[in-house]
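The values are calculated or read from the model by the stated rules, or taken from the named source; none is laboratory data. Since this is a predicted model, take the numbers as computed values, not measurements. Positions of Cβ are generated from backbone atoms using ideal geometry, with glycine treated the same way; all protein chains shown enter the neighbour counts. The area values use the complete protein model at the heavy-atom level, side chains included, leaving out ligands, DNA and RNA. Shrake-Rupley method; radii C 1.70, N 1.55, O 1.52, S 1.80 Å.
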Amino acid sequence: MSYLLRIDASASGAASYSRQVADSFTQAWTGDIVRRDIGRHPIRHLDAPGITARTTPTDEHSPEQRQAAALQDELVTEFLGAQAYLFAVPMYNYTMPSVFKAWLDQIMIVGKTIGLGTTTPTAGRPAVIVSARGGGYGPGAPQHGKDFLIPPLTAILSDPNLMALDVRVITPELTYAPVVEPLRHLLPQHHISLKNAHAEAHRQAREILGTMADTPSEPVVRHPK
């Protein structure tokens, strides 16, 4: 069995609910794990050298393009080497942290990770998004319709013309209830949401492991971060 690639995008360290629920997933995971913590160790945003390096012959790369291409190659190799994915991506101001968007922009490359009419290398591989949020965004909640993280991220990851991943979502809500006075009356709902999220993380890990049980083992590349 190949490895699970875990990407952490929270800047809150151990206090992050997204990290904590992702930890529950990895505790139930019995296979190898490669973890990249872009919340603590951000990668550079996609810039002009990174864009132009993709369409410029390698032997014509400038020093800046070579550096940008080396980063992309490292991230893409790490991404393609995984057989399952765990993305701990908290909601910041209705959407994903910029560090996670930076990671996505670096790895989304036509012909490598994006199919666009051809077979996508990662098609059908399972991916779990854990996205904690301070309020409630489900049907009937005052903030319903303002989640600009899960819908676009799911579209990017699951689109058959892009990465074609099998996406599952876990969203612990009302994480501001313990610390924001006007939301303290929602503390019981927060506790229930968090408990359910941890249980769902365990369940998803076991379910995905079950579907991958017959996958042949491959060499594991571990990243120091």
Notebook entry, point to check: Looking at Thr154, is it assigned to a loop (DSSP other than H, G, I, E, B) and within 29 Å of Pro49 (Cα to Cα)?
Noted result: no
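Table: residues versus (1) in contact with a Ser or Thr (Cβ under 9 Å, 6 or more places away or on another chain); (2) on the phi > 0 side of the Ramachandran plot; (3) open to solvent by less than 80 Å² (accessible area, probe 1.4 Å).
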| residue | (1), (2), (3) |
| --- | --- |
| Gly13 | no, yes, yes |
| Thr26 | no, no, yes |
| Ile51 | no, no, no |
| Val76 | yes, no, yes |
| Gly81 | yes, no, yes |
| Phe87 | yes, no, yes |
| Trp103 | no, no, yes |
Note to self: Given the criterion within 26 Å of Thr211 (Cβ to Cβ) and of a type in the set (D, E, K, R), identify the matching residue among Arg54, Arg36.
What the structure shows: Arg36
Next item on the list: Count, please, the residues in segment 53-66 that happen to be surrounded by fewer than 15 Cβ atoms within 10 Å (Cβ to Cβ) and part of a helix (DSSP H, G or I).
Entry: 6
Next item on the list: Looking at (1) farther than 29 Å from Ala15 by Cβ; (2) among the charged types (D, E, K, R); (3) surrounded by fewer than 17 Cβ atoms within 10 Å (Cβ to Cβ), find the lone condition where Arg125 falls short.
Entry: (3)
Note to self: On the basis of being outside any loop (DSSP other than H, G, I, E, B) and surrounded by 13 or more Cβ atoms within 10 Å (Cβ to Cβ), does Thr120 make the cut?
What the structure shows: no
Notebook entry, point to check: Which residue out of Leu116, Leu174, Leu149 is at pLDDT below 95, farther than 24 Å from Gly31 by Cβ and not β-branched (Val, Ile, Thr)?
Noted result: Leu116
Next item on the list: Report whether or not Val179 is hydrophobic (A, V, I, L, M, F, W, C) and either at pLDDT below 95 or loosely packed, with under 14 Cβ neighbours inside 10 Å (or both).
Entry: yes
Next item on the list: Scan segment 28-36 and give yes if some residue there is at pLDDT 95 or above, in a helix (DSSP H, G or I), open to solvent by less than 50 Å² (accessible area, probe 1.4 Å) and over 17 Å from Val76 (Cα atoms), otherwise no.
Entry: yes
